[in-house]
Structure formats: structure tokens, C-alpha cells
Amino acid sequence: MTGRGRFITFEGSEGVGKSTQIQVAAEYLRNAGIEVVLTREPGGTPMAETIREVLLAPRDEPVHETTELLLMFAARAQHLNARILPALAAGKWVLCDRFTDATFAYQGGGRGVSMDRIAQLETLVQGSFRPDHVVLLDAPVDVGMARARHRGELDRFETEACGFFQRIRQTYLERAQSDRDRYHVLDASMSMEEVSGAVVALMGRLIQEHA
Ligand code: TMP
């Protein structure tokens, strides 16, 4: 397979099984002979992972929404330029656990930051670069939250109230509806095996599309 690789992001609210399903997708693509880079946001490079720690740590000091927004994009600028773009140029497929759709959903939908402001930063950091495909794992908020609580200690985002996650889910779904070719909504309330089956079927279609 030649040419630029594909950039596929995995999105969804807490506890929808993103980390499991992105592994399933990576394994399937690798078995099909594709070179895959598996990464995540915020994070993905040593410096961006440091910014992630700053962002997720629970703290007494209230974090201003602009601080949070800029740190997300600071981590993204580093990740995009140091890791994602070079991998795509080398023909690899990059699977990323969250990207800018998460900023629209969490900082925009969740925190109420203006979508226009987020779009401005998106253009500043990414130019016209956008994911080729976004896999949205969608589940009712109570299903996801119950799973997230089982994972143990909650980070700064996971301690938010239910309404925060309802708005996040709604924003993701609205974005998905606005571009049905790029967004693929999978029902993450099904069993893990059923969701994996849907992920594998989708990856199969994307390979054919790119052949
Ligand atoms: P994770 O738990 O899926 O790894 O993501 C870390 C947290 O960061 C999660 O609660 C969502 C949040 N987040 C944002 O609020 N905005 C963003 O742009 C990204 C990438 C993540």
C-alpha cells in the first residue's frame, strides 16, 4: 500500500470502550499488512504526555476553561507535528484515541466554550488537516459512567456531573450527523464482542476504500 496513510480517530464519552476497540482495530489492520501507529490525546509524545498529566490531575484550584482549551491544543500541536504527520507521510495509518472532536464535545458542549473559538484554534494548529474518519462509540451516559467508575480513581473530567456528559454525547452526535461520510457511529451499549465485530467490519470497508 503506497501514498499517505489514513488518520482515524476514536471518540466517545467516558466508559464507552474506546481503548479496547482501538486495539481491536489496530490488530485487524496490522493483520491486513498495514503499518499502524496507535496513539492518544491529550498525549502521544513525551511532552504532550506531560501536558496530559497537568490536564487530568484532580486539583483544588479551579481550572479556567481557556487554560484547559489552550493546553489541549498545545499538546495537539506537539503531537500532530512530531508524530502524526510524519507517520502519515511515511504511509502509516494513525489510529488516535480522541482528537479535536473531543475538544468540541468536552470544552464546547461540556464546558460551554464557544464553538467558533474552538474552530479558530483548530485552524491555527491544524490548518485544513482533519481526521479521514471518526469512529464514534456512542452509549447512554449512565452505561458509560457505570463502566468508568469500575476503573477506579476518577480523573478531573470523570468527576463532572451527569449533565456535562449528556452535553458531550449530544455534541458528538450532532457533529456526526453533519458529516455522515466521515463519521461512523457505532452503538457501544452492545456487548464488547458485538462492538468489536462492528469495528472490524468498518476497518475492512476502509481498507477496501483505500486500496
Ligand atoms: P481519555 O480518558 O479518553 O484518555 O481522555 C482524557 C480526558 O481528556 C477525557 O476525560 C476527555 C478529555 N479531553 C478533553 O476534554 N478535550 C480534548 O480535546 C481531549 C483530547 C480530551
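The values are calculated or read from the model by the stated rules, or taken from the named source; none is laboratory data. Note that this is a predicted model, so its numbers are computed, not measured. Every residue, glycine as well, gets a Cβ built from its backbone with ideal geometry; the counts of neighbours run over all protein chains shown. Each accessible area value is taken on the protein alone, full model and side chains, heavy atoms only, with ligands, DNA and RNA left out. Shrake-Rupley method; radii C 1.70, N 1.55, O 1.52, S 1.80 Å.
For region 138-150, state whether one or more residues are touching a strand residue (DSSP E or B) at 6+ places or on another chain (Cβ under 7 Å) and away from the ligand (no atom under 11 Å from the Cβ).
So far as region 138-150 goes, yes, one or more of its residues are touching a strand residue (DSSP E or B) at 6+ places or on another chain (Cβ under 7 Å) and away from the ligand (no atom under 11 Å from the Cβ).
Determine which member of the set GLY15, GLY33, GLY3 is within 29 Å of GLN170 (Cα to Cα) and either open to solvent by 60 Å² or more (accessible area, probe 1.4 Å) or over 11 Å from the mean Cα position of the chain (by Cα) (or both). Quick ask: steps written out before the conclusion?
Numbers: GLY33 fails: within 29 Å of GLN170 (Cα to Cα); GLY3 fails: within 29 Å of GLN170 (Cα to Cα).
The match here is GLY15.
Can you name the condition, by its number, that GLU49 falls short on among (1) crowded, with 19+ Cβ neighbours inside 10 Å; (2) within 16 Å of the ligand (Cβ to nearest atom); (3) of a type in the set (D, E, K, R)?
(1)
Between ALA148, ALA211, ALA198, which is small (Gly, Ala, Ser) and modelled with pLDDT of 95 or more? Spell out how you get there, then give the answer.
Details: ALA148 fails: modelled with pLDDT of 95 or more; ALA211 fails: modelled with pLDDT of 95 or more.
After applying the criteria, what remains is ALA198.
Kindly indicate whether any position in region 82-93 is free of Cβ contacts under 8 Å to residues at least 60 places away in the same chain, closer than 24 Å to ARG169 by Cβ and open to solvent by 10 Å² or more (accessible area, probe 1.4 Å).
Taking every residue of region 82-93 in turn, none turns out to be free of Cβ contacts under 8 Å to residues at least 60 places away in the same chain, closer than 24 Å to ARG169 by Cβ and open to solvent by 10 Å² or more (accessible area, probe 1.4 Å).
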